[in-house]
Amino acid sequence: MLKSIVQEIIGTPRREPELPQSLEQFRDSKRVLIIFADAQDDRAVIQDEWLRNAHMRLIEEDVEVFIIAGGGAFSLFDDGWDLDADDVRERLQGPPSGEFGLILIGRDGTVKLRSSEPRTAEEIFEALDSLPKSTPW
């Protein structure tokens, strides 16, 4: 009831973005971390270093990491995936091309964390720890 009252006062909540088709392959099995990067932006370099230092833990937590840059999508650790970079940016309401952004998607396909600044591995793992270990279905 409180939630509906708050929605009446401040308006309807922002609509949840639709999961891109190329990310559907991860639903119910993996979490996905999308980094929107630009070669001219130091934030992407910082984020990349922090994630590479946490590589093993990301694998243990079933997190696939993708960099969206220069019109392409690149896996940070495993090259076996094919994503449509433009579709990912558009459907997840990512930052404009040339801007930094980070989006963490849960196993259920919903956005769990969104940031315009780099996040330390610890901050990302805290967000992961707040998510269910298995899907609610």
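Only one of Ile9, Ile59, Ile5 is modelled with pLDDT of 90 or more, of a type in the set (Val, Ile, Thr) and either assigned to a strand (DSSP E or B) or open to solvent by 50 Å² or more (accessible area, probe 1.4 Å) (or both); which?
On the way: Ile9 fails: modelled with pLDDT of 90 or more; Ile5 fails: modelled with pLDDT of 90 or more.
Checking each option against the conditions leaves just Ile59.
Which of the residues belonging to region 81-98 are within 13 Å of Ser22 (Cα to Cα) and either small (Gly, Ala, Ser) or not in a helix (DSSP H, G or I) (or both)? I'd like the intermediate steps shown before the answer.
First pass over region 81-98, keeping only residues within 13 Å of Ser22 (Cα to Cα): 81-92.
Of everything in region 81-98, those that are within 13 Å of Ser22 (Cα to Cα) and either small (Gly, Ala, Ser) or not in a helix (DSSP H, G or I) (or both) turn out to be Trp81, Asp82, Leu83, Asp84, Ala85, Leu92.
Go through region 18-41 and give me each residue that's within 20 Å of Glu117 (Cα to Cα) and either open to solvent by 20 Å² or more (accessible area, probe 1.4 Å) or at pLDDT below 90 (or both).
Within region 18-41, Asp38, Ala39, Gln40, Asp41 meet the criteria.
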Flag for Glu49 being at negative phi, surrounded by fewer than 18 Cβ atoms within 10 Å (Cβ to Cβ) and in contact with a Phe, Trp or Tyr (Cβ under 9 Å, 6 or more places away or on another chain): no
From Ala44, Ala54, grab the single residue that is within 15 Å of the chain's Cα centre (by Cα) and either of a type in the set (D, E, K, R) or surrounded by 13 or more Cβ atoms within 10 Å (Cβ to Cβ) (or both). Ala44
Could you give every pair whose Cβ atoms fall below 8 Å, whose first residue belongs to region 9-29 and is over 14 Å from Gly94 (Cβ atoms), and whose second residue is at pLDDT below 65 and open to solvent by less than 80 Å² (accessible area, probe 1.4 Å), counting only separations of at least 6 or pairs across chains? Pro13/Gln7; Asp28/Thr135
For region 107-137, which residues satisfy the criterion of being part of a loop (DSSP other than H, G, I, E, B), hydroxyl-bearing (Ser, Thr, Tyr) and at pLDDT 90 or above? Ser116, Thr120
Residues in region 52-72 that are touching a residue at least 40 places away in the same chain (Cβ under 8 Å) and in contact with a Leu (Cβ under 6 Å, 6 or more places away or on another chain): how many? 2
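The values are calculated or read from the model by the stated rules, or taken from the named source; none is laboratory data. Since the model is a prediction, treat every value here as computed from it, not as a measurement. Virtual Cβ from ideal backbone geometry, glycine too; neighbours counted across all protein chains shown. Only protein heavy atoms, including side chains, enter the accessible area calculation; ligands, DNA and RNA are left aside. Shrake-Rupley method; radii C 1.70, N 1.55, O 1.52, S 1.80 Å.
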